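Written below as structure tokens is the structure these notes are about.
The values are calculated or read from the model by the stated rules, or taken from the named source; none is laboratory data. Here the structure is a predicted model, which is why all the values come from computation and not from measurement. Positions of Cβ are generated from backbone atoms using ideal geometry, with glycine treated the same way; all protein chains shown enter the neighbour counts. For accessibility, only protein heavy atoms count, side chains too; no ligands or nucleic acids. Shrake-Rupley method; radii C 1.70, N 1.55, O 1.52, S 1.80 Å.
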Amino acid sequence: MLSFSCEVLSARIYYTTDGTIPTNKSIKYKSPFSINVSTTIRAIAIVFSKDKQLESKLVTAAYIIQS
């Protein structure tokens, strides 16, 4: 199971499973999930305020599933 966390409680985490750069339109992380094929996951944390959004640094992890 893969899980994400952020020290900033109000941050929302968004991720992709195809190696593309995540945005606030990407998959929103809600709970741990499994992968069963090799993939590259990228994630960012975003804090939203009235007039702007603050983004974390991009995190990338490549998973290789061997049979």
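Below is a table of values for the structure above.
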| quantity | calculated |
| --- | --- |
| Unique residue being among the small types (Gly, Ala, Ser) and at pLDDT below 95 when the list is 56, 10, 26 | 10 |
| Test: residue 48 is aromatic (Phe, Trp, Tyr), over 11 Å from the mean Cα position of the chain (by Cα) and surrounded by 13 or more Cβ atoms within 10 Å (Cβ to Cβ) | no |
| Any hit, the stretch 33-51, residues being farther than 17 Å from residue 3 by Cβ and aromatic (Phe, Trp, Tyr) | yes |
| Top-ranked residue in the stretch 16-45 [being touching a Ser or Thr at 6+ places or on another chain (Cβ under 6 Å) and either assigned to a strand (DSSP E or B) or among the small types (Gly, Ala, Ser) (or both); ranked as surrounded by the fewest Cβ atoms within 10 Å (Cβ to Cβ)] | 19 |
| Conditions (1) surrounded by fewer than 16 Cβ atoms within 10 Å (Cβ to Cβ); (2) assigned to a loop (DSSP other than H, G, I, E, B); (3) under 10 Å from the mean Cα position of the chain (by Cα); number of the one not met by residue 60 | (2) |
| Those residues of the stretch 1-15 which are under 18 Å from residue 64 (Cα atoms) and open to solvent by 70 Å² or more (accessible area, probe 1.4 Å), in sequence order | 1, 3 |
| Near pairs, Cβ below 7 angstrom, 6+ apart or cross-chain, from the stretch 23-37 (under 18 Å from residue 59 (Cβ atoms)) to any residue that is among the β-branched types (Val, Ile, Thr) and open to solvent by less than 90 Å² (accessible area, probe 1.4 Å) | 24/46; 26/16; 27/16; 29/13 |
| Long-range neighbours under 6 Å by Cβ, at least six apart or interchain, first residue over 18 Å from residue 9 (Cβ atoms) and in contact (Cβ under 8 Å) with a residue 24 or more places away in the chain within the stretch 41-67, second small (Gly, Ala, Ser) and assigned to a loop (DSSP other than H, G, I, E, B) | 64/38; 65/38 |
